[in-house]
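Note sheet for the following structure.
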């Protein structure tokens, strides 16, 4: 499964690579990391929105994760990719906005990687 991870924090990439080391090595997962919403759109457009799962931080400089989610929902061909929003703030306003914009899930930081792995395995994509 292809996963696009969108987060402006640079330490996210080595953390995910460490936590998913076995799945990456066995080719169960392929991860692409970008550091802004603008970079994510550029990548998705060049790749034809073929990523099966997008994990996006909400609070980023420039385009927020919620703005990115809205663009993904409007730009991708049906069915849109599965999008899970990630935020250090689990406030109801962000959760409700993400849900209204079409997010499939909402996770809070620090991430529970065991839970995330379960959610990824349960996806039928």
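Values quoted throughout were computed directly from the atomic coordinates according to the rules given, and no laboratory measurement underlies them. Since this is a predicted model, take the numbers as computed values, not measurements. Quick reminder, even Gly has a Cβ in these numbers, built from the backbone with ideal geometry, and neighbours come from all protein chains shown.
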- Using a cut-off of under 12 Å, list every residue of the range 1-15 whose amide N is near the label point 7 Å from the Cα of residue 28 along the Cα-to-beta-carbon line. 1
- So, in nm, how far is label residue 11 from label residue 117 when the simple model puts each one 7 Å beyond its Cα toward the Cβ? 2.2
- What are the principal axis extents of the Cα atoms in the range 2-117, in Å, biggest first? 35, 31, 24
- Query: Can you give the helix-only mean residue ellipticity at 222 nm for the chain, where every DSSP H stretch with n ≥ 4 adds -39500 (n - 2.57) and the sum goes over all residues, rounded to the nearest 500 deg cm²/dmol?
  - Reply: -12000 deg cm²/dmol
